[in-house]
Structures are given as structure tokens and as C-alpha cells.
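A short write-up of the structure that comes next.
The values are calculated or read from the model by the stated rules, or taken from the named source; none is laboratory data. These numbers come from a predicted model, not from an experiment. All Cβ positions, even for glycine, are placed from backbone atoms using ideal geometry, and neighbour counts span all protein chains on display.
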Amino acid sequence: MKLKHFIYVLFFIVSCNMLHAQVQFEVKLSKKRLGINERLRVDFEMNHDGDNFSPPDFQGFRVVGGPNQAISNSYINGKRSYSKTYSYFLSPQSRGKYTIGQATIEIEGQIYKTTPIQVEVTSAVDKPKDGNNAEYVASENVHLVAEISNTSPYLNEAITVVYKMYVSHNVSITSSWREIDTPKYADFWSQNIDNQGNFKIYEGKYQGEDYRYVILRTTVLYPQKTGKLNIEPLTLDVPIDVQGNRRDIFGRRLMTRVNKTISAGNRTIDVKPLPVEGRPDNFTGAVGSFEFDVITNKTTLDADEALQLSVKVSGKGNIKLFDLPGIKLPNSLEMYEPERKENVRTNRAGMSGEVKEVYTVIPQLKGNFPIRPITFSYFNPKTEKYSTISSEEIILNVENGPVTSEGTSTTVNNGNKKAVVLSKDQFKYIKLDSNLETVTQESYFKSTLFWMLIGAPLLLIPLFIIGGKKRKERLADIQRNKLRKADRLAKKYLSEAKKNLADKATFYEALERALHNYLKAKLNIETSEMAKDRIAVLLEERNVSGANIDQFKGLLKSCEFARYTPASNVTIQQDYNKAVETITAIDKQIQ
């Protein structure tokens with residue numbers, strides 16, 4: 001009897017160990033001790049596919065690359081081997097001892113966590129400056145520079161930041177680079193001038209030597225605070241081709257590719273406040289060179305007839321960033337909230353164009369009504385002085401309408417209130433004679449509505465009983481509930497992908513999850529079984545056309561390639577539209 005119990009206990013322990021051995025989720029570091037000028041690679045590996053991966057916050061480090069995802073799925077002698085890895089590249093921010101915290105992932109409904117690992121960051125380590133070392137040659141021959149048009153602007157004065165990448169004639173770049181850190185411009189109004197990927201190559205000088213360069217981006221900034229403001233760096237991951245030591249059979253040196261992270265570096269500008277001396281009382285923050293005018297589409301009209309009054313500012317400066325002056329009209333002119341219209345262009349010199357507010361004005365009385373001149377003030381950074389512009393006075397001539405008690409046309413300009421003589425037909429639309437009819441109301445007691453309200457609860461009781469049974473049956477159907485959940489997840493992730501069309505990495509991750517969860521819902525398979533050939537066979541068995549199968553496999557390939565190749569906004573939109581069309585087509589055909 002004791003031997004039997006011992007066998008049961010031994011079998012239980014072995015089963016638990018095998019269960020834990022089935023799922024592995026661990027973290028691996030490229031090194032546990034590194035200099036502050038070195039990079040750390042962190043890999044989160046698992047042997048089962050999972051969802052909802054959550055990395056640690058990497059306190060003390062800055063993420064300069066990743067997450068990169070790699071999947072390995074193979075069959076050897078009938079035995080399946082699966083591996084999935086999320087990789088991050090970190091740059092330490094200061095010396096000291098830091099801990100890579102726990103990462104979590106959900107695998108088959110269970111949450112798994114990695115073990116925290118401590119890393120020591122020391123002072124900078126010496127790197128060999130060897131001309132034969134490809135890493136050193138690449139770092140010395142490619143540079144990213146941020147050129148600022150004015151490092152000491154006034155508040156709300158436009159400055160331009162031009163990002164240039166200089167490449168010497170000793171190396172070459174034949175593949176697309178990847179942007180890994182984008183400036184946020186927290187204290188600026190900013191707008192990028194996109195060159196739409198058409199990079200023109202120029203010849204120039206860098207530190208007195210001949211270089212080629214391309215303009216990557218031009219950004220127009222308007223500082224919104226005074227004092228010293230920081231412009232964050234632009235950081236790129238660039239594949240650089242360097243001549244190696246090996247030669248081909250013809251004696252030519254073979255090229256070696258090196259991936260380098262280059263940064264434009266932090267830049268600081270000193271923003272000057274606008275002068276207090278000479279500042280007009282009506283100044284609202286306009287900085288630049290402007291013209292101002294107040295115009296109407298008509299000056300002669302009848303009472304209760306509408307006219308358009310436009311307050312317009314045109315010129316060059318922070319034209320979107322200030323308020324237009326308001327207007328005051330006589331009480332006899334009814335004015336509505338204005339409609340703002342903008343026609344503004346942004347180029348390297350800043351914003352230019354016109355902004356206007358259009359008011360609808362309706363006169364109530366007959367007479368001549370003046371619209372007094374309106375003033376507009378702005379600061380010109382070139383002359384470093386304030387300027388004030390006044391509009392012309394406008395006289396509105398209202399020819400027909402109610403008049404004042406004197407019975408003559410008057411000009412309302414001093415605010416004195418006068419009695420108004422109204423027309424005898426002013427209230428003609430009001431009906432004075434009543435025509436009332438007796439209303440007879442049926443008794444509510446024992447009426448049709450009374451008996452319906454009494455009997456309705458009795459009729460609803462069987463419906464509630466039947467609905468409760470159906471709900472219990474639905475909850476008991478675990479398999480179907482699982483499929484419904486996966487279908488909801490597919491719709492959720494496809495919606496998430498649509499929200500992130502502007503972010504390539506987030507879009508393709510969400511799109512891949514949506515496609516996988518759609519297959520879970522329709523084919524009743526797990527993510528770990530989603531090899532492309534396996535998917536094709538299952539869809540063919542469900543009578544899905546070959547064209548739709550190829551489209552689905554193409555979408556999965558696009559999600560994989562998007563991690564390593566650049567993609568334009570047009571390509572991302574096309575992939576999203578293709579995903580919607582493909583899922584809709586498969587839904588109609590699948591059986």
C-alpha cells in the first residue's frame with residue numbers, strides 16, 4: 001500500500017515538472033557589465049506563442065532600437081521546435097547599477113514573468129581607433145547635423161531646423177535608414193516640411209572636408225516660452241557600407257555592412273521676451289510683418305437684411321497663433337458669432353497667408369450707422385519695434401425699416417436710447433381670436449391600456465424563463481465562447497490598426513494580431529500552428545478561393561517585412577484596405 005502511494009506522489013511530481021518545462025519565458029542580456037558609451041541588447045525568449053507581451057520600463061536606459069520580433073518554427077524528425085524573441089537595444093543614461101525588470105506575457109490563458117537581472121554601467125570604455133575597424137570607419141564618416149536658422153529668436157518668432165546627414169566619399173549608404181527617436185518639440189509650435197522621400201544629394205563641406213549630404217527633414221518652430229529651450233535630437237539607425245579587408249578574385253576590396261546609431265545631438269536656443277517698452281494696449285501676440293483691413297460686402301441695405309463684415313490679417317509670421325481684434329457695433333446692428341477662415345502656407349521661412357473672421361450683421365432700424373475704425377498691433381522682429389494699423393471708418397446706410405420716434409433717419413453713435421415707432425403690421429402674425437373645443441377623455445380604469453399593463457408581466461415571465469435557459473446553454477458552450485472571444489479580438493485589433501496608420505511599427509503589430517485572431521475564430525487553431533502553408537491548406541478545405549488565400553498570406557508577409565524595411569503612408573493605407581477586403585471575402589466563402 002505504501003509503495004502504491006509512493007508511486008502516485010512520484011507521478012504527480014514528475015507531471016508538475018513536465019508541465020513547467022513545457023513553457024519557458026526568459027530574458028537574456030548581451031552583457032551584464034558595460035560602459036556608458038556602449039549598447040546593451042536584451043532578448044525576451046519563449047518557446048510557446050503568446051499574446052499581450054508587456055516589456056519592463058528599462059529604468060536608467062533609453063531604448064534606441066526595438067522591439068524587433070523574430071520567430072523560428074521548424075519540424076525535425078517529426079518533432080516541432082518553436083521559438084519567439086522580442087529584442088531591444090538600450091543606451092545607458094548614467095553610471096550605476098540598474099535592474100532589468102520583469103516582462104510579462106500571456107500564454108494559453110496563463111501569465112508568465114521573467115526574472116529581474118541586475119546590470120552595472122561603468123564609465124566610458126576605450127574603443128580602438130583602428131582604420132581597419134569597420135565600426136570606427138563608419139562612425140567617423142557619417143554625421144547627422146541639425147542646423148538652426150536663429151539661436152536667439154524672439155518669443156513667437158519663426159526659426160527653421162534643417163537636419164542634414166553628411167556622408168564622406170569613403171563609405172556609402174545603399175539601404176534605407178530607420179528613425180528610432182523623433183524630437184517632440186514640447187515648448188514649440190512645430191510643423192514638418194515633408195520632402196516625401198525624394199532626397200536630393202548635394203556636395204558640401206563638413207569640418208573642412210568634402211562630403212555629400214542629404215536634407216532629411218526641415219522643421220519650422222515657433223517658441224512658446226522665453227529663456228533657454230532644448231531642441232531634442234533626431235536619432236537614426238543607418239546601414240553603412242564600409243570597405244573591408246577581404247578581396248574578391250579580381251583583387252577588389254569587399255564591402256562590409258555596419259549598422260550605426262547616429263544622432264544630431266541636443267541643441268539649445270535662447271528665446272528673448274518681447275519688449276515691454278512701446279507695447280500697445282491692444283497687442284495680442286502677433287509677431288511678424290502684417291497688413292490689416294476691415295471690409296463689408298455691402299454698405300447700402302434694408303433693415304433685417306444681412307451683410308458680411310470681414311476682419312482680415314495677412315502677411316508673414318505666427319499668423320495662426322494670435323487672436324484677431326474684436327469689433328463693437330451700435331445696438332441697432334445685430335451681430336452673430338464670427339466664422340474663422342484660414343489660408344496659410346508653411347515653408348522654410350515660416351507661415352504666410354491670411355486669416356479672417358467673417359461676421360454676419362443684421363440692422364434693425366432705418367438710418368446711417370458708423371462702424372468705427374479698428375486697430376491691430378504687431379511686433380516686427382526685424383525692426384524690433386511695434387506697429388499699429390487702423391482700418392477705415394465704414395458707414396452703413398439702412399434705407400428701409402422701422403424708424404426712431406422722430407420719424408427720421410438718425411445716426412446711432414452716442415449710445416442714447418430713443419423710442420422706436422413700430423409698424424402697425426409688426427404683430428400681424430399673432431392670432432387673437434381663439435377657437436377652443438371641448439376635450440372628452442376616456443376613463444383609464446378597465447380600458448384597453450389598463451388590461452394590457454396588467455397582462456403584460458404575465459406574458460413576459462415565460463419569455464424570461466426561455467431567455468435564461470438560452471443564456472445558460474450559451475455559457476456552457478465553452479468552445480463557441482472561445483471562438484466568439486477570438487472574433488471580438490480580431491475586430492478590436494483591426495480597429496487598433498486603423499487608429500495607428502501614422503505609426504508603422506504599431507500598425508503592423510496590431511494588424512498581425514488581428515489576422516491571427518481572425519484565424520483563431522474561423523479555423524479553431526492556435527497561434528503556434530499558424531505556418532503559412534498550414535493556413536493555406538485549412539482555408540482550401542473551407543472552400544476559400546486561391547486568390548484570397550494568396551492575399552491573406554501576402555498580408556502576413558507584409559507584417560513580417562515591415563519590421564525591417566521602410567513603408568510609406570500610402571503602403572500602410574493599402575495594406576489596411578487589403579486586410580478589410582480579404583477578411584470580408586473569406587467570410588463570404590468560408591464554410
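Going by what's in this entry, would Gly35 be described as on the phi > 0 side of the Ramachandran plot and in contact with a Ser or Thr (Cβ under 8 Å, 6 or more places away or on another chain)? Steps first, please.
Values: on the phi > 0 side of the Ramachandran plot: no; in contact with a Ser or Thr (Cβ under 8 Å, 6 or more places away or on another chain): yes.
When the stated conditions are applied, Gly35 does not pass them.
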Can you tell me which residue among Glu209, Glu179 is in the same structural domain as Val242 (by TED's automatic domain parsing) and surrounded by 13 or more Cβ atoms within 10 Å (Cβ to Cβ)? Glu179
State which residue pairs qualify: first residue touching a residue at least 40 places away in the same chain (Cβ under 8 Å) and farther than 17 Å from Phe561 by Cβ and inside segment 496-521, second residue part of a helix (DSSP H, G or I) and of a type in the set (S, T, N, Q) in any location, beta carbons under 8 Å apart, and separation of 6 or more residues or different chains. Leu501/Asn569; Leu501/Gln573; Ala502/Asn569
Being outside any loop (DSSP other than H, G, I, E, B), surrounded by fewer than 20 Cβ atoms within 10 Å (Cβ to Cβ) and of a type in the set (A, V, I, L, M) is the filter here; which residues of segment 348-358 pass it? Val358
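Looking only at segment 293-310, how many residues end up being closer than 30 Å to Tyr378 by Cβ and either charged (D, E, K, R) or at pLDDT below 90 (or both)?
If we filter segment 293-310 for residues that are closer than 30 Å to Tyr378 by Cβ, which is where we start, we get 293-299, 307-310.
Subsequent filtering for residues that are either charged (D, E, K, R) or at pLDDT below 90 (or both) retains 293, 298.
Residues in segment 293-310 being closer than 30 Å to Tyr378 by Cβ and either charged (D, E, K, R) or at pLDDT below 90 (or both): 2 in total.
Matching residues to (1) buried (at least 19 other Cβ atoms within 10 Å of the Cβ); (2) out of contact with any Lys or Arg (no Cβ under 8 Å at 6 or more places or on another chain); (3) more than 18 Å from Ser190 (Cα to Cα); (4) modelled with pLDDT of 85 or more:
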{"site": "Lys129", "(1), (2), (3), (4)": "no, yes, yes, no"}
{"site": "Val142", "(1), (2), (3), (4)": "yes, no, yes, yes"}
{"site": "Asn150", "(1), (2), (3), (4)": "no, yes, no, yes"}
{"site": "Pro153", "(1), (2), (3), (4)": "yes, no, no, yes"}
{"site": "Asn156", "(1), (2), (3), (4)": "yes, yes, no, yes"}
{"site": "Tyr163", "(1), (2), (3), (4)": "yes, no, no, yes"}
{"site": "Val167", "(1), (2), (3), (4)": "yes, no, yes, yes"}
Only unsatisfied item for Tyr185, checking (1) in contact (Cβ under 8 Å) with a residue 24 or more places away in the chain; (2) of a type outside the set (S, T, N, Q); (3) on the phi < 0 side of the Ramachandran plot, is (3)
Considering only residues that are within 19 Å of the chain's Cα centre (by Cα) and without any contact (Cβ under 8 Å) to a residue 40 or more places away in the chain, which ones fall in segment 188-234? Ser190, Asn192, Asp194, Gln196
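Can you find, within segment 485-520, the residue that is farthest from the chain's Cα centre (by Cα) among those that are basic (Lys, Arg) and at pLDDT 75 or above? Explain how you work it out, then say what you get.
Here is the first cut: in segment 485-520, the ones basic (Lys, Arg) are 485, 488, 491-492, 498-499, 504, 513, 520.
Subset that is at pLDDT 75 or above: 498-499, 504, 513, 520.
Numbers: Lys498: 11, Lys499: 8, Lys504: 11, Arg513: 20, Lys520: 30 Å.
Residue satisfying both the conditions and the ranking: Lys520.
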Any residue that is over 25 Å from Ser263 (Cα atoms) and outside any loop (DSSP other than H, G, I, E, B) - is there at least one of those in segment 56-69? no
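Any residue at all in segment 270-290 that's surrounded by 13 or more Cβ atoms within 10 Å (Cβ to Cβ), under 30 Å from Asp237 (Cβ atoms) and among the hydroxyl-bearing types (Ser, Thr, Tyr)? Quick ask: steps written out before the conclusion?
Step one: of segment 270-290, the residues surrounded by 13 or more Cβ atoms within 10 Å (Cβ to Cβ) are 271-272, 274, 280, 283-290.
Next cut, under 30 Å from Asp237 (Cβ atoms) only: none.
Within segment 270-290, not a single residue is surrounded by 13 or more Cβ atoms within 10 Å (Cβ to Cβ), under 30 Å from Asp237 (Cβ atoms) and among the hydroxyl-bearing types (Ser, Thr, Tyr).
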Which of the numbered conditions does Arg345 fail, given that it passes all the others? Conditions: (1) closer than 30 Å to Val161 by Cα; (2) buried (at least 17 other Cβ atoms within 10 Å of the Cβ). (2)
If you go through Arg246, Arg257, the only one that is farther than 25 Å from Glu38 by Cα and not in a loop (DSSP other than H, G, I, E, B) is Arg246
